[in-house]
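Visitor: Provided herewith is a single structure, encoded as structure tokens, for subsequent inquiry.
The values are calculated or read from the model by the stated rules, or taken from the named source; none is laboratory data. Small disclaimer: the values here were computed from a predicted structure and weren't measured. Glycine gets a Cβ as well: all are built from the backbone with ideal geometry, and neighbour counts include every protein chain shown. SASA here: full protein model, heavy atoms, side chains in, ligands and nucleic acids out. Shrake-Rupley method; radii C 1.70, N 1.55, O 1.52, S 1.80 Å.
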Amino acid sequence: MSQETATAVRVGERGAAVRSFASRKVGFLASAAVLVAFFAINASISEAVLTTYGFSSFVNAGATVALAAAGLSVVVMAGGLDLSVAAVVALVNVVVATRMQDTSASMMWVSLLAVGIGVAAGALNGVLVTTTGLPSVIVTLATFFIWGGAALLVLDSPGGSVPFDFADLLTGVRGGVPNAVLLLLGLCVLWLLLSRTSLRVNILALGGDRAAARANGVPVAGTEVAAFAIAGFCYGLAGLFLSALTVSGTPNLGADFTLNAFAAVVVGGTQFGGGRGTPVSGLIGAFVLYTSYSILFTIEAPSELNYVLTGAILVVAVVVQNPRRLLVSRSAEPVSGAGG
Amino acid sequence: GDDKPGSGQGGGGDDGKFKIALNLSTTNNTYQTQARNLIEAAAKTPPYDEKVELRVDVAGVDVTKQIQMINNEVAAGVDAIVLYPVSPTGLNPAIEKACKAGVVVVAWDSNVTAPCAYNVYPDLEQFGYTGAKWLVDQMGGKGELIVIRGIEGVPADTFEYEGVLKAIEGTDVEIVAEPEGEWAAATIKTTFAQAYAAHPEADAVWGATGCIQVHEIVKDKEIFCSGGMSKDEMMLMAPEDVGGGGVTTNVAVPAPPWDGELAFFIAMDVLEGADIPKTTLLPTPLVTAEDVKVGTNPAEGANLFVGDDIPPDFFPFWSPLVEQGLEAALHGTPDKISDRKPCSEVEGCVQK
Amino acid sequence: MTVDAEGMLRPRQISATELSTGFHPSRETAIGLGVLSLAGLVFVLQVTVGSVQYSGLASSVSAYALIVAIAAFGQGLVMLSGGFDLSIPWVMSMSALAITRFADGSDSRALWVAPAILAAGAFIGVVNGLGIVMLRLPAIVMTLAMNVVLQGLVLLYTEGSARGVSPPSLRKVMDEDLPGTPIPGPVVLLAVLLLAGTLLQSKTGFGRRVASVGASARTAFLSGVNNARVVVSVYAISGVSAALAGVILAGYSGQSTLAMGDPYLLPTIAAVVLGGAAVAGGRGVFLGTLAGALFIAVVQSVLATMSVDAAWRTVIFGTVILFSAVVLQPGTITWARRLGGMARPSSAAVVGRSQDAS
Amino acid sequence: MRPKVTQMAGLPVNDGGEPGRPGPLPSSTRAEEVRPGNPGKPDRPGPDPGTPRWRRAEVASVSKCFGAIQALDDVSVEFRTGSVHGLLGQNGAGKSTLIKVLNGLVRPDAGQLRIDENPTPFAGSPAWQVSTAYQELTLVPYLSVAENLVLGRRREYGVTSFESTVAAASEILRRWRVDDVDPRKPVKSNPLPVRQRIEIVRALERTDQVLVLDEPTSALDPAGADWLKGQIRHLRDRGVAVVIVSHRLAEIEDVCDYVTVLRDGRAVASESSSGLNEQKIATLMLGREMLQTQRVIADRHDEAPRATNTVLEVQSLSVEPALRDVSLTLGEGEVLGVGGLEGQGQHALFMTLFGAQRPTRGEVLVGGRAVRLKSPRRAIRAGIGMVPEDRKTEGLMLQRTVRENLTLPALRRVSRAGVVSPAKEAQTAAPAMASLGLAAGVFDNAASSLSGGNQQKVVAAKWLVADSRILLMFDPLRGVDVGARQEFFAWMTTFAAGGGAVLFYSSDIDELTTVCDRVITIYRGVVTGSMAGSEITRERVLAGMLGGDS
Ligand SMILES: Nc1ncnc2c1ncn2[C@@H]1O[C@H](COP(=O)(O)OP(=O)(O)OP(=O)(O)O)[C@@H](O)[C@H]1O
Ligand SMILES: Nc1ncnc2c1ncn2[C@@H]1O[C@H](COP(=O)(O)OP(=O)(O)OP(=O)(O)O)[C@@H](O)[C@H]1O
Ligand SMILES: [Mg+2]
Ligand SMILES: [Mg+2]
């Protein structure tokens, strides 16, 4: 093979690699583009958005739901649903708020404990799903009550406290960059590392076709538990972050939290049913939502219209991400009740 | 700017008005709606119409969203936030940041623990105690009590329950069941019916609301009930000649939706330089069947408003501490019926 | 096949009676019956061992179960087709608000208000369905969006407070026993609902089509099913059933409040799934859904009568749901079915190869 | 009790062989073996020849029940390294189950595996590493081809990247001489035959000592089948024990050294293939002589092509870019074959005729009248039925009962006022089931509990229930056993003779030559040949399929 052809081949391959990267990530890139566009709109109508204060409080407010949505995305990728998210976040939150002392040792240990509780709760969800063979919806509906009850046992109404230093560590700003951004980027990096092991592919295989995954030697039970445990890890981080944000514990997070997390997953572009997606788009989805709340605030939409507009934004964000949806000829791909 | 609070020079807005944000958690109930209407009406009534630019924001029942909302309001340059908090503690960092930025924060109905914030709220433990104490007296200090709970983990429920426990302490009254009612008629009806079916000997029921359902279910005997004070519960206690139920074994303890209006006034007073204590505790008087008074002007003592346009879960709402009347509560249109008095002149009002 | 005199293959005849005879309970029916008996057992234990008054318990358990079951009927059909309906809460709230506001305690006005509300529910469902079919939106997105949009519109219209009281006859039906019997009104309605729901979901061609769309959208399409029409219809039916549930809920409460549908979303899903339906669609019977609703109702009634800490009750509720789902999972069902002698026909028949070949 | 082992005749006994190397062969050795820069003669992958770690594996007295079904009944078979074992039997005979026992996916109720006389567990033993290509493909739809190829391999737990996975996959594909598959694309975007090849390549690549292929050629065209045969022989020569299930008996005869025949879950014969021919194998499988259908077909071929009523006429149909200007007529009583290699536009032709795809140009006349086939619904109303390519996702609702599958297209016929009448269902379904040889007992069982061939019968039977007159059959005999295949042929001709008409595409030329009255061939979207009666020969069909005029 001559030198030129070899180079040509390599260049051609790079082109193919880039094209394939773009086509594999099209959903992800589209939701990122939606975020950038929304953010730009928001910045153009309100100067506050680009100030350090504005930006850091935006990131801080959205980070809890973002972390939870990232975890939820992993479960969804594996073909499941997790209704226990708010309860696990609340459980971690009340443990932190009741246990953490103002010493760095305590902060470290309680943080580890918090994330450990998240991982354990998630893993237990996973173990229950694999060992019982029940749909994850019903298992996590049950554990939603169990973890929720446990949170109430730890703290029966909002209270507790979190040391200032710890709150500052997570929600503060260093050199103009909110620490939360670093935390979120850290999670992305962690996921990038994980996706270079076979775990990512195994999770997607599990969500895509469970029987096929099993037949190919994918450790199905282990992967399922791992997916729920990773989700639990993210919930643990969300609980920690919530503790820092609120410097206290709230045993009852309210139904809106779950809905926000689910909406963030969807807006991020991860489709229910499994086999596709990435937790990073859960992060993006959450910030798309929080940016749109911010836009609605800035334009001083009447408060009742907020609800209507939120609904409209959900629809628009999903349509914009994949405009091809509108073009699909009706007979080409028959629709089921799940849509999509 | 630094000179905003206490400058007494009118607001920082372009037109010299104070910008005030009413930050609600939800508009899904008559209670918050009624409070909101009263605040909107007050803001439109002279002299405030010249001084105030009011915006209303609804955060939803998610603490992170309300935090974002507070931050946004601060960034938008408001002078004060009149806040219905979803959490007594979770908003503290956001509130403290707001205070640091010179924003006056007044929380109403439920308190927040941030030291820089002003709080206006009824003493909920007292609320629980007042009703339960009456029940204990009626029962002669012994017997079975069913307590209808609200939603677990929500502070109001915890405080009220503690008040109830305090009232039965040292008596022979026993709590036999605690059905969870979620403050919703349908749920109360189901869960109370089940609790009562298991404890048909129960002598009395305490609930933040729910006496209507209690009397719907307990038909065969007289049962004592202490509940809330919405229109329909008052109707139950009202004499039959005004279309009421004539039930005399009931008492009500009002939850006052006018505390929002008071919070608004406190915010204005602080902005105009008044020195006001951080906490205002509101009275929670007991209302018996004899106290029910039909009418249209609350300033004249009316506490039961009949009429088709009055929602069933509408609350009697007036206090000498505030100013607005029925039209204001129903539609948010100005309806000034009195001049407010300072807390020190009103019985049961405590400022500290 | 058989080989005839000329050495030609001839089909062996099958008579229609060979096919139509016999009772073949599906896995879901078996689960439904299991859940139903478990609910019955708990109820009986409460009345006897727990000495809870029958009448109070029966009427409140059945009333709650009825409201959940009506809404869950639509949810169950939607889930059978592979979807989810998250707009149920505010369709319910809207309907409850509308019946008290517009009928306001009058039975005669309710005669036209109620149908109008059901029509509005259908319309909302059609919009859901069209969004899913035409915009290809995931059902979760479309119905979640619909829920918040409805919430906003209802708040705008009502200005944040409810009005009026529910029609007296509706309250009567929910509160009183069937004359001359100890059977609460909601029980009668539950029985009617069970018949109607089972008829629609399992006995009609429409129900078959819904199941086919959920079992395999492509197979359904290639078998002549108009998937789009089916999808729009199931969401429309879910809209109607949620609207009906809202009206009944208002009837039971006597009045309405703004977010009164909110606590009913999770129970509808739980009822459907506990009843043995496949979450991904294609399988499920209404008997199971109804049994699931009853089961949730009796578990909650046990909790309401217990005087333990609220936090513990929450934990207990979750554990019971999990435990009963495990007990009733497919493996256990097969085992129980075999015990009950409901086993399938002999192996030869099942293998289904040419009978004469061996 | 001493388990019964069917001795294979003519097997060279090799007792004093090397004990062999322990542990699986690291695959890196394979990669290293590939020497680049020799495009003319690519290197063969695989372990070194001549060092098998064992010689003989005995599966002894294996039984397995699924509920009331005895899928395997005291089956004993012996496998040797370096040879190809055919596993034959009718649909539902237990072949796939035996395979799943071999690779540890199904735990047998009774029975043993002995390797060189040593009892060995079916799963998890380093001495018994089975690599399988499944009948029901086990590819994960949204993952890329590359990711599918490396899925589930333990050693991939190390850190990798997508591009390095793609590189590894390209290498795998190149090594196994598959050059037309883009490893980056999701599996879902590939047509079934390509997916089947990916499934096979994955199994080939993972082969260590035992390779199991469950109906690997069912979706492959003749070229693909030849490719596979080459790979099988190659692996055999490297000392691999290959187990293959196929219903294409010619293939078995061609490639296998030993043959085991299962019938009703029992092993009825296990012997060297040298003494066997198609006829004999079929007799063993069926337990009766296989003569009858061939007579039916022969009779029909002798008749001159009849001038009949045209029931379906296609005029200059184009479906850009797949199909250009295709015209054909289908007469009453006729079976018209369509021959074509994979992806020549036949799929678009069938889908368009069934209303599932829109034509860009052209007209379709049914019974002389122009029809607009906007949807399958319209097509079905016009009397058209289709047996689609992939029964698992297009033909059946696996979790629903046979009853529900059968009556789905004809719900109106079996309903009264919208309510389905079980009696009417039974009435309509009974003759349809009988004519395809489906047993009455399966009527209320889930379709998923049927074996592959019987599932296919259900797909065909539903068009009888729907009273279709024109049947579009797209490779319907994939995975159907010889016995059932004859029954299908007989049934197709009976269907045609009864006033119906069949358009029949098959990837297997022999099927076309056996059953068709006329055959057309398609190449790159254009009709390249048309033949009738005795003109239909293997050679002419093949020539047309390859684009030549005939
Ligand atoms: N998981 C299962 N549950 C119930 N029955 C099963 C299951 N798997 C297989 N069977 C039954 O066991 C018998 C043997 O099936 P198997 O799949 O082994 O047949 P096969 O020989 O591979 O047939 P085909 O050639 O059609 O693929 C059939 O009657 C089948 O219906
Ligand atoms: N995967 C492969 N890697 C390298 N060479 C191969 C591979 N497959 C086939 N070949 C070689 O390519 C040529 C033609 O391949 P083909 O698939 O036609 O096999 P074949 O001639 O039928 O095989 P066999 O020689 O085993 O009978 C042969 O020389 C064969 O050895
Ligand atoms: Mg098989
Ligand atoms: Mg060859």
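Visitor: Consider segment D:437-495. How many of its residues are in a loop (DSSP other than H, G, I, E, B) and touching a residue at least 12 places away in the same chain (Cβ under 8 Å)? I'd like the intermediate steps shown before the answer.
Guide: Within segment D:437-495, the first condition is being in a loop (DSSP other than H, G, I, E, B), and the residues that meet it are D:437-439, D:443-445, D:450-451, D:466-469, D:475-481.
Filter once more, so that each one left must be touching a residue at least 12 places away in the same chain (Cβ under 8 Å): D:437-438, D:443-445, D:450-451, D:466-469, D:475-481.
Result for segment D:437-495: 18.
Visitor: Further, regarding this structure: Does residue D:136 satisfy being among the acidic types (Asp, Glu) and within 16 Å of ligand 1 (Cβ to nearest atom)?
Guide: Yes; evaluated as a whole, the condition is true for this residue.
Visitor: If you don't mind, there's one more thing I want to ask. Quick one: in segment B:64-86, which of the residues that are in contact with a helix residue (DSSP H, G or I) (Cβ under 6 Å, 6 or more places away or on another chain) and free of Cβ contacts under 8 Å to residues at least 40 places away in the same chain is farthest from residue B:267 (Cα to Cα)?
Guide: Looking at residues that are in contact with a helix residue (DSSP H, G or I) (Cβ under 6 Å, 6 or more places away or on another chain) and free of Cβ contacts under 8 Å to residues at least 40 places away in the same chain, I get B:64.
Visitor: Also, quick follow-up: Identify, from the list D:160, D:138, the residue that is of a type in the set (Val, Ile, Thr) and within 16 Å of ligand 3 (Cβ to nearest atom). First the steps, then the outcome.
Guide: On the way: D:160 fails: within 16 Å of ligand 3 (Cβ to nearest atom).
Result of the check over D:160, D:138: D:138.
Visitor: Quick one: would you say residue D:502 is more than 19 Å from residue D:354 (Cβ to Cβ) and under 22 Å from the mean Cα position of the chain (by Cα)? Before you say what the answer is, go through the steps one by one.
Guide: Working: more than 19 Å from residue D:354 (Cβ to Cβ): no; under 22 Å from the mean Cα position of the chain (by Cα): yes.
Judged against the criteria, residue D:502 is not a match.
Visitor: Which residues, taken from segment A:218-235, are open to solvent by 40 Å² or more (accessible area, probe 1.4 Å) and either part of a loop (DSSP other than H, G, I, E, B) or at the interface with chain D (Cβ under 10 Å from one of its Cβ atoms) (or both)?
Guide: The initial filter retains those residues of segment A:218-235 that are open to solvent by 40 Å² or more (accessible area, probe 1.4 Å), namely A:219, A:221-222, A:233.
Across segment A:218-235, the qualifying residue is only A:219.
Visitor: I've got another one for you. Among the listed residues D:213, D:249, which satisfies the condition of being more than 25 Å from residue A:215 (Cα to Cα), within 16 Å of ligand 1 (Cβ to nearest atom) and open to solvent by less than 20 Å² (accessible area, probe 1.4 Å)?
Guide: Criteria check complete, one pass: D:249.
Visitor: For segment D:185-237, which residues satisfy the criterion of being more than 14 Å from chain A (Cβ to nearest Cβ), over 23 Å from residue D:79 (Cβ atoms) and either among the β-branched types (Val, Ile, Thr) or more than 15 Å from ligand 4 (Cβ to nearest atom) (or both)?
Guide: D:190, D:191, D:192, D:193, D:194, D:197, D:219
Visitor: Output the residues belonging to segment A:135-165 that are closer than 25 Å to residue B:110 by Cα and charged (D, E, K, R). Before the answer, list the steps.
Guide: The first filter runs over segment A:135-165 and keeps only residues closer than 25 Å to residue B:110 by Cα, leaving A:148-164.
If the condition is that a residue be closer than 25 Å to residue B:110 by Cα and charged (D, E, K, R), then A:156 is the only one that fits.
Visitor: For the condition open to solvent by less than 30 Å² (accessible area, probe 1.4 Å) and either under 20 Å from the mean Cα position of the chain (by Cα) or in contact (Cβ under 8 Å) with a residue 40 or more places away in the chain (or both), what is the one hit in A:183, A:169, A:155? Lay out the reasoning, then the answer.
Guide: On the way: A:183 fails: open to solvent by less than 30 Å² (accessible area, probe 1.4 Å); A:169 fails: open to solvent by less than 30 Å² (accessible area, probe 1.4 Å).
Within the list A:183, A:169, A:155, the selection yields A:155.
Visitor: Restricting attention to segment A:23-58, which residues are more than 18 Å from the chain's Cα centre (by Cα), buried (at least 19 other Cβ atoms within 10 Å of the Cβ) and within 14 Å of chain B (Cβ to nearest Cβ)? So that I can check it myself, show each step before the final result.
Guide: Our first condition is that a residue be more than 18 Å from the chain's Cα centre (by Cα); within segment A:23-58, this holds for A:23-24, A:26, A:37-57.
Subset that is buried (at least 19 other Cβ atoms within 10 Å of the Cβ): A:38-39, A:42, A:46, A:48-49, A:54-57.
Residues satisfying the conditions are A:42, A:46, A:48, A:49, A:54, A:55, A:56, A:57.
Visitor: In the list B:259, B:291, which residue meets the criterion of being within 23 Å of residue B:326 (Cβ to Cβ), under 21 Å from the mean Cα position of the chain (by Cα) and open to solvent by 40 Å² or more (accessible area, probe 1.4 Å)? Don't jump to the end; show me each part of the working.
Guide: Values: B:259 fails: open to solvent by 40 Å² or more (accessible area, probe 1.4 Å).
Going through B:259, B:291 in turn, the sole match is B:291.
Visitor: Sticking with this structure for a sec: Given (1) surrounded by fewer than 24 Cβ atoms within 10 Å (Cβ to Cβ); (2) of a type outside the set (Lys, Arg); (3) assigned to a helix (DSSP H, G or I); (4) at pLDDT below 95, where does residue A:202 come up short, assuming only one miss?
Guide: (1)
Visitor: Could you go through segment D:500-510 and let me know if any residue there is surrounded by 24 or more Cβ atoms within 10 Å (Cβ to Cβ), more than 16 Å from ligand 3 (Cβ to nearest atom) and part of a helix (DSSP H, G or I).
Guide: no
Visitor: To continue, here is another question. In segment C:146-161, is there at least one residue being open to solvent by 10 Å² or more (accessible area, probe 1.4 Å), small (Gly, Ala, Ser) and within 30 Å of residue C:57 (Cα to Cα)?
Guide: No: segment C:146-161 contains no residue that is open to solvent by 10 Å² or more (accessible area, probe 1.4 Å), small (Gly, Ala, Ser) and within 30 Å of residue C:57 (Cα to Cα).
Visitor: Could you say whether any residue in segment D:135-144 is within 13 Å of another protein chain (Cβ to nearest Cβ), crowded, with 22+ Cβ neighbours inside 10 Å and not in a loop (DSSP other than H, G, I, E, B)?
Guide: Within segment D:135-144, one or more residues are within 13 Å of another protein chain (Cβ to nearest Cβ), crowded, with 22+ Cβ neighbours inside 10 Å and not in a loop (DSSP other than H, G, I, E, B).
Visitor: Mind listing whichever residues of segment D:400-425 are closer than 21 Å to residue D:380 by Cα, in a helix (DSSP H, G or I) and either open to solvent by less than 10 Å² (accessible area, probe 1.4 Å) or within 7 Å of chain C (Cβ to nearest Cβ) (or both)?
Guide: D:402, D:404, D:405, D:406, D:407, D:408, D:409, D:410, D:425
Visitor: Let me ask you something else. Taking the conditions exactly as written (within 16 Å of ligand 3 (Cβ to nearest atom) and in a helix (DSSP H, G or I)), does residue D:225 satisfy them or not? Walk me through it before giving the result.
Guide: On the way: within 16 Å of ligand 3 (Cβ to nearest atom): no; in a helix (DSSP H, G or I): yes.
No: the conditions fail for residue D:225.
Visitor: Among (1) under 17 Å from the mean Cα position of the chain (by Cα); (2) more than 9 Å from every other protein chain (Cβ to nearest Cβ), there is one condition residue B:220 misses while meeting the rest; what is its number?
Guide: (1)
Visitor: Of these, B:341, B:336, which one is closer than 12 Å to residue B:42 by Cβ, over 18 Å from the mean Cα position of the chain (by Cα) and open to solvent by 10 Å² or more (accessible area, probe 1.4 Å)?
Guide: After applying the criteria, what remains is B:336.
Visitor: Could you tell me whether segment D:274-281 includes any residue that is at pLDDT 80 or above and either assigned to a helix (DSSP H, G or I) or open to solvent by 20 Å² or more (accessible area, probe 1.4 Å) (or both)? Quick ask: steps written out before the conclusion?
Guide: Quick first cut of segment D:274-281, residues at pLDDT 80 or above only: none.
No; the residues of segment D:274-281 include none that is at pLDDT 80 or above and either assigned to a helix (DSSP H, G or I) or open to solvent by 20 Å² or more (accessible area, probe 1.4 Å) (or both).
Visitor: Quick check: is even one residue across segment D:87-94 more than 25 Å from residue D:455 (Cβ to Cβ) and either within 16 Å of ligand 3 (Cβ to nearest atom) or open to solvent by 20 Å² or more (accessible area, probe 1.4 Å) (or both)?
Guide: Step one: filter segment D:87-94 for residues more than 25 Å from residue D:455 (Cβ to Cβ), giving none.
No.
Visitor: Shifting gears a bit: Select, from D:186, D:222, the only residue that is farther than 26 Å from residue D:100 by Cα, open to solvent by 10 Å² or more (accessible area, probe 1.4 Å) and within 16 Å of ligand 2 (Cβ to nearest atom).
Guide: Working: D:186 fails: within 16 Å of ligand 2 (Cβ to nearest atom).
None of the others qualify; the one that does is D:222.
Visitor: Further, regarding this structure: List the pairs whose first member sits in segment D:232-246 and is more than 11 Å from residue D:87 (Cβ to Cβ), whose second member is among the hydroxyl-bearing types (Ser, Thr, Tyr) and more than 8 Å from ligand 2 (Cβ to nearest atom), and whose Cβ atoms are under 8 Å apart, counting only residues at least 6 apart or on separate chains?
Guide: Matching pairs, first to second residue: D:235/D:207; D:236/D:83; D:239/D:51; D:239/D:81; D:240/D:81; D:240/D:207; D:241/D:81; D:241/D:83.
Visitor: Now a separate question. Working only within segment C:130-173, note down all residues that are more than 18 Å from residue C:89 (Cβ to Cβ), among the small types (Gly, Ala, Ser) and away from chain B (no Cβ under 14 Å).
Guide: Filtering segment C:130-173 down to residues more than 18 Å from residue C:89 (Cβ to Cβ) leaves C:130, C:132-138, C:159, C:161, C:163-173.
Now restrict to residues that are among the small types (Gly, Ala, Ser): C:161, C:164, C:166, C:169.
C:169, the sole residue that qualifies.
Visitor: Against the condition within 16 Å of ligand 3 (Cβ to nearest atom), open to solvent by 20 Å² or more (accessible area, probe 1.4 Å) and in contact (Cβ under 8 Å) with a residue 24 or more places away in the chain, how does residue D:524 come out, does it pass? Step through it out loud before you land on a result.
Guide: Working: within 16 Å of ligand 3 (Cβ to nearest atom): no; open to solvent by 20 Å² or more (accessible area, probe 1.4 Å): yes; in contact (Cβ under 8 Å) with a residue 24 or more places away in the chain: yes.
So residue D:524 fails the test.
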